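One structure is given below, encoded as structure tokens.
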Amino acid sequence: MNPLPILLSIPHGGIKKPLELNGSLCITYKDLFDDSDPFVTELYDLGDKVQRVIKTDIARAFVDPNRSLQELPPANPDGLIKSSTCYGKPIYSKGLEPGDSLRALLIQLYYMPYHNAIKKSIEELDLQLCLDCHSMASIAPRISPDGNKKPRPKFCLSNNDGQTSSQYMIELLASCISESFEIDKNEILLNDPFHGGYITKTYGKKPFPWIQIEMNRNLYLAEPWFDMDSLSVDPLHLHKLNKQFESCLAQFFLRL
């Protein structure tokens with residue numbers, strides 16, 4: 001079977017600490033876990049069933065590929081290299097935050113390779129769709145556009161309000177998610193609360209369509225699958241969600 005003509009970008013799946021930051025961190029594992037997109041690699045990675053998967057094992061708390069090179073602290077504490085997590089937890093011990101030279105090294109080692117891989121894929125592959133794959137907290141942190149508001153939907157799909165893919169494609173993807181994950185179509189919102197992040201907005205329709213997908217963490221970081229003490233998830237449940245995602249994309253391309 002030929003791989004599906006899609007690129008999957010998974011920029012926030014890692015939880016690894018760069019060696020270059022040894023001795024400067026105060027962040028706890030729990031805070032690192034809460035700031036990441038936990039288990040999204042297990043949820044979205046389809047391996048050789050798709051044209052390409054781009055992912056990183058570095059935690060977004062340290063280097064965030066879904067930010068621009070201009071988004072740096074103190075102007076943006078949740079930027080490319082952060083000073084605090086999305087929940088306001090400090091990442092570095094006082095006085096040990098990365099300086100300009102260390103920031104430049106982190107960008108060179110961990111940020112640029114991710115974007116170079118995207119650019120290389122665009123040049124090499126004949127794609128019909130690119131997805132930037134994320135998870136979202138069931139209740140938004142204050143820093144988010146919908147912070148402290150109503151509970152989030154099961155899924156949010158975004159295409160920068162129609163600028164990075166056609167309306168037909170995003171609505172078709174929503175229908176396929178509804179069927180494959182067996183959830184009501186009303187539980188899938190378009191461009192609400194997100195409109196697409198830096199990756200989607202930067203590469204969308206240049207030349208391939210891009211859609212950002214956000215899965216609500218209550219689909220797997222909740223009882224009976226999730227253990228809060230060990231921060232572990234039932235692997236069989238993650239496998240089930242991964243197979244549902246695979247089925248969703250297969251249906252999408254059959255009907256495109």
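How many residues are modelled with pLDDT of 95 or more and of a type outside the set (A, V, I, L, M, F, W, C) if we restrict to the stretch 126-144?
Within the stretch 126-144, residues that are modelled with pLDDT of 95 or more and of a type outside the set (A, V, I, L, M, F, W, C) number 5.
Only one residue in Gly99, Gly14, Gly47 is touching a strand residue (DSSP E or B) at 6+ places or on another chain (Cβ under 9 Å), at negative phi and among the small types (Gly, Ala, Ser). Which one? Outline the logic, then answer.
Working: Gly99 fails: touching a strand residue (DSSP E or B) at 6+ places or on another chain (Cβ under 9 Å); Gly47 fails: at negative phi.
Matching residue, one of Gly99, Gly14, Gly47: Gly14.
Could you please find all residues in the stretch 2-14 being at pLDDT below 95 and under 18 Å from Pro65 (Cα atoms)? Talk me through it step by step, then tell me what you get.
Step one: list which residues in the stretch 2-14 are at pLDDT below 95, which gives 2, 13-14.
Answer for the stretch 2-14, where residues must be at pLDDT below 95 and under 18 Å from Pro65 (Cα atoms): Gly13, Gly14.
Looking only at the stretch 198-242, count every residue that is surrounded by fewer than 13 Cβ atoms within 10 Å (Cβ to Cβ) and either in contact with a helix residue (DSSP H, G or I) (Cβ under 9 Å, 6 or more places away or on another chain) or among the aliphatic types (A, V, I, L, M) (or both) and tell me the total.
7
Any chance the stretch 141-161 includes a residue that's β-branched (Val, Ile, Thr), in a helix (DSSP H, G or I), in contact (Cβ under 8 Å) with a residue 60 or more places away in the chain and surrounded by 12 or more Cβ atoms within 10 Å (Cβ to Cβ)?
No, the stretch 141-161 contains no residue that is β-branched (Val, Ile, Thr), in a helix (DSSP H, G or I), in contact (Cβ under 8 Å) with a residue 60 or more places away in the chain and surrounded by 12 or more Cβ atoms within 10 Å (Cβ to Cβ).
Asn191 - would you say it is surrounded by fewer than 18 Cβ atoms within 10 Å (Cβ to Cβ), touching a residue at least 24 places away in the same chain (Cβ under 8 Å) and not hydrophobic (A, V, I, L, M, F, W, C)? Please lay out each step first, then the result.
Numbers: surrounded by fewer than 18 Cβ atoms within 10 Å (Cβ to Cβ): yes; touching a residue at least 24 places away in the same chain (Cβ under 8 Å): yes; not hydrophobic (A, V, I, L, M, F, W, C): yes.
Here the answer is yes, as Asn191 does meet what is asked.
Say we look at the stretch 71-98 and pick out the residues that are hydroxyl-bearing (Ser, Thr, Tyr) and closer than 20 Å to Glu214 by Cα; which of these is surrounded by the fewest Cβ atoms within 10 Å (Cβ to Cβ)? Walk me through it before giving the result.
At the first step, the residues of the stretch 71-98 found to be hydroxyl-bearing (Ser, Thr, Tyr) are 83-85, 87, 92-93.
Still in the running and closer than 20 Å to Glu214 by Cα: 85, 87.
Numbers: Thr85: 22, Tyr87: 12.
Looking at the filtered set, the residue picked out is Tyr87.
Given the structure, is Thr56 buried (at least 18 other Cβ atoms within 10 Å of the Cβ) and within 12 Å of the chain's Cα centre (by Cα)?
Details: buried (at least 18 other Cβ atoms within 10 Å of the Cβ): yes; within 12 Å of the chain's Cα centre (by Cα): yes.
Yes, satisfied.
Are any residues in the stretch 207-234 in a strand (DSSP E or B) and touching a residue at least 12 places away in the same chain (Cβ under 8 Å), and if so, which ones?
Quick first cut of the stretch 207-234, residues in a strand (DSSP E or B) only: 210-216, 226-227, 232-233.
Matches in the stretch 207-234: Trp210, Ile211, Gln212, Ile213, Glu214, Met215, Asn216, Val233.
Test of understanding: among Ser36, Ser101, Ser68, which residue is among the polar types (S, T, N, Q) and either buried (at least 20 other Cβ atoms within 10 Å of the Cβ) or under 30 Å from Asp229 (Cβ atoms) (or both)? Steps first, please.
Values: Ser101 fails: either buried (at least 20 other Cβ atoms within 10 Å of the Cβ) or under 30 Å from Asp229 (Cβ atoms) (or both); Ser68 fails: either buried (at least 20 other Cβ atoms within 10 Å of the Cβ) or under 30 Å from Asp229 (Cβ atoms) (or both).
Among Ser36, Ser101, Ser68, only Ser36 is among the polar types (S, T, N, Q) and either buried (at least 20 other Cβ atoms within 10 Å of the Cβ) or under 30 Å from Asp229 (Cβ atoms) (or both).
Return yes or no: is Leu238 more than 18 Å from Pro38 (Cβ to Cβ) and touching an Asp or Glu at 6+ places or on another chain (Cβ under 8 Å)?
No: the conditions fail for Leu238.
The values are calculated or read from the model by the stated rules, or taken from the named source; none is laboratory data. Remember, it's a predicted structure, so these values are computed and weren't measured experimentally. Positions of Cβ are generated from backbone atoms using ideal geometry, with glycine treated the same way; all protein chains shown enter the neighbour counts.
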